[in-house]
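Values quoted throughout were computed directly from the atomic coordinates according to the rules given, and no laboratory measurement underlies them. None of these values were measured; they are calculated from a predicted model. Cβ: placed from backbone, ideal geometry, glycine included. Neighbour counts: every protein chain shown.
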Amino acid sequence: MKPFDYRRASDAAGAAALVAEHPGAAFLGGGTNLVDHMKLGVAAPDMLVDITHLPMDRVEALPEGEGGVSIGANVRNSEAAAHPLVRERYPVLSQALLSGASGQLRNAATTGGNLLQRTRCVYFQDTGTPCNKREPGSGCSALEGYQRYHAVFGASPDCVATHPSDMAVALVALDARVVVTDAAGGERRIPVAELHRLPGEAPEQDTVLSRGDLITAVELPEMPMAARARYRKIRDRASFAFALVSAAVGLELAADGTVADVRIALGGVAHKPWRALLAEEALRGSAATEAGFAAAAEAELSEARPLPGNVFKLELVRAAVTETLGEVAAELRGEGEL
Amino acid sequence: MDADISLTVDGQSHDLRVDTRTTLLDALREHLHITSPKKGCDHGQCGSCTVLLSGRRVVSCLVLAVAAEGAEVTTAAGLGRDGRPHRVQQALVEHDGLQCGYCTPGQVCSAVGVLDEAAAGWPSAVTPPGAGGDGGPALTAAEIRERMSGNLCRCGAYAGIVAAVEEAARPAGEAPAAPAPRGGGR
Ligand SMILES: Cc1cc2nc3c(=O)[nH]c(=O)nc-3n(C[C@H](O)[C@H](O)[C@H](O)COP(=O)(O)OP(=O)(O)OC[C@H]3O[C@@H](n4cnc5c(N)ncnc54)[C@H](O)[C@@H]3O)c2cc1C
Ligand code: SF4
Ligand code: FES
Ligand code: FES
């Protein structure tokens, strides 16, 4: 591991400026991704700016009128998942958080770090193999390699990696936004759905953030369907495994039983949490039936471009979308869980 | 680059100088010779290095020692009182919750964390949304399997580990309830 200087940040703008000024600097959250990558040689910062002592550690209701809830960037994943405001208003977020990693890791992992964790592509993590994301221009080993955890939507010839966060998938379904402080001390808000990029020709850039941009909080707007939205994760073992495919689904039914509004976000399928806009479009105004749900999944899958090693994901997307919509619809109709 | 830090480990305070690259696990084992936290994978994947950091269970292999400056650390070796084992440790012995024992100190710290988290009302991935608000979700076998999934046991002593945590979770004096549903994990 490369030697590095360690600094404890005492204010957000100062931390942002420090990282912006030092090309080799990185923010340190819980360290569960960054320290791992430093050991692997995937990341080699020469300065760590520890932001965990900044006062961004609260979950609180947003002021009247603005609705919703704000989760500080330093709130640990376990605390966010257990917080009454999150469990009552956004149980899908609690479910997504709790389906990720392990109890120990969730106690350390922060909201900001979870969003900015990097892909688990095995070649990205192995400095002995070519990888355009780690070393631009070196090639993509996954194109002819292990593709089980790779993308079926929105990939490019330069990178077929997926974003691994469960939390981010729920946040996209909830229309959440991140609050960002930049090096000049300015503040801006970015929808989580627009935070992560598709790989295109620059897979080394995971997000639209610039060097020094510090996430200070995630804001969840008020959303009627959020209280009944649900998360489902399909993986290789029952617990402590990344998603092959996951789905965060919210549904609002009109009095006549048709779909008034819907949110579907998918995990494990793209370089970013994938908002299933085609499926949503197919559903709005149509009957909330199993056949309708299956047709919506099919509409989304018309955009899928699987790799030889992950064709099986199409069936998982079909199942995750159809069953989770069915589960939420049944709950809304008072039929309880399927 | 070196840094001077202080840590309180199992009730004893220590001042030490570490390279900033040192993890909490290496600081404990190599600098302070406190060897109950074990190094299995060194990447957060096995749980054998689990300690309680300011009362919360974490994997010490992914925590930098400098970032833990000033913190209170409890290892499995520091959990007993007056020469007597913690009730989680006692239950693991009684239920054959180990074979080689390498994963055990991590299992112990993790289980103590699980008891505290459940008592605080924290849900798990198998807790139905909306359930277990007050007094905390009941620690059924399915709950324990899910909550302990960050601790691998290469010897496969899982059956004994689950039984031991179930026992440790029962209020003192209470008889084992009707057989809890086993194998109910997802
Ligand atoms: C064995 C294992 C299994 C896992 N399984 C899952 C899983 O199933 N599902 C899942 O979703 N995740 C999983 N994870 C990943 C885990 O969720 C992440 O490692 C964690 O959320 C990262 O948070 P952190 O605070 O530790 O981030 P760090 O490691 O501290 O930081 C990660 C990145 O974010 C940057 N950063 C941190 N905070 C900020 C901020 N506020 N503003 C700007 N930049 C910031 C850092 O500079 C760094 O680049 C797993 C991890 C491990 C080790
Ligand atoms: S898929 Fe992306 S991250 Fe994986 S090897 Fe190819 S370029 Fe690297
Ligand atoms: S050694 Fe820390 S989790 Fe394996
Ligand atoms: S007892 Fe040997 S690894 Fe668990």
Checklist line | Order of A:F124, A:F242 under a 10 Å beta carbon neighbour criterion, fewest first | finding: A:F242, A:F124
Next item on the list: Mind giving me the nanometre distance, one decimal, between the label points for A:A254 and A:V122, set 7 Å out from Cα along Cα→Cβ?
Entry: 4.9
Margin query: Can you tell me which of A:T32, A:T110, A:T324 moves the most in a GNM of chain A? Springs connect C-alpha atoms under 10 Å apart.
Written below: A:T32
Next item on the list: In debye, nearest 20, what is the charge dipole magnitude of the range A:225-332 about its Cα centre with +1 on Lys and Arg Cβ and -1 on Asp and Glu Cβ, if you could check?
Entry: 560
Notebook entry, point to check: If you place +1 on the Cβ of every Lys and Arg and -1 on the Cβ of every Asp and Glu, how big does the dipole about the Cα centre of the protein assembly as shown come out, in debye to the nearest 20?
Noted result: 1060
Checklist line | Gain on full stretching of the segment that runs from A:T289 to A:A202 - 0.36 nm per residue minus C-alpha separation | finding: 27.2 nm
Check: With the Cα gyration tensor of the range B:2-78 giving a ≥ b ≥ c as the square roots of its eigenvalues, does the rule (a/c under 1.5 for rounded; else a/b larger than b/c for prolate; else oblate) give rounded, prolate or oblate?
Finding: oblate
Notebook entry, point to check: Hey, quick one: spin label on B:S54, modelled 7 Å out along Cα-Cβ, who in the range A:89-113 has an amide N within reach, i.e. under 20 Å?
Noted result: A:102-113
Item checked: Cα long-axis angle, helix A:12-21 against chain A (0 to 90 degrees, to the nearest 10) -> 60
Check: Which stretch or stretches of the range B:86-108 have amide N atoms under 20 Å from the point lying 7 Å from B:A172's Cα along the Cα→Cβ direction?
Finding: B:86-95
Check: Put a dot 7 Å past each Cα toward the Cβ at B:H31 and B:E69; how far apart are the dots in nm?
Finding: 1.1
Next item on the list: Only Lys, Arg, Asp and Glu count, each charged at its Cβ (+1, +1, -1, -1), so figure out the dipole size of the range B:2-78 about its Cα centre, rounded to 20 debye.
Entry: 360
Check: Pick from B:A76, B:A68, B:A169: which residue has the top mean-square fluctuation in a GNM of chain B where Cα pairs under 10 Å get a spring?
Finding: B:A68
Note to self: Run the helix sum for the protein assembly as shown: -39,500 (n - 2.57) per DSSP H stretch of 4+ residues, divided by residue count, reported at 222 nm to the nearest 500 deg cm²/dmol.
What the structure shows: -7500 deg cm²/dmol
Notebook entry, point to check: With chain A treated as a Gaussian network of Cα nodes joined by springs under 10 Å, which of A:V311, A:V86, A:V245 yields the largest mean-square fluctuation?
Noted result: A:V311
Margin query: Set the bar at 19 Å for Cα to Cα. Now go through A:K2/B:K39; A:K133/A:K233; A:K39/A:K233; A:K133/A:K272 and name every pair that lies beyond it.
Written below: A:K2/B:K39; A:K133/A:K233; A:K39/A:K233
Check: Binned at 10 Å from 0, what are the whole-percent values of the Cα-Cα distance distribution for the protein assembly as shown, short to long?
Finding: 4, 18, 28, 28, 17, 5, 1
Check: Say the dipole of the protein assembly as shown comes from +1 at the beta carbon of Lys and Arg and -1 at that of Asp and Glu; which of A:A61, A:W274, A:A304 then lies farthest toward its positive end?
Finding: A:A304
Next item on the list: Please list, in chain and number order, the residues 5+ apart from B:T23 or on another chain whose amide H is under 5 Å from its amide H, with Hs placed from the backbone.
Entry: B:A65
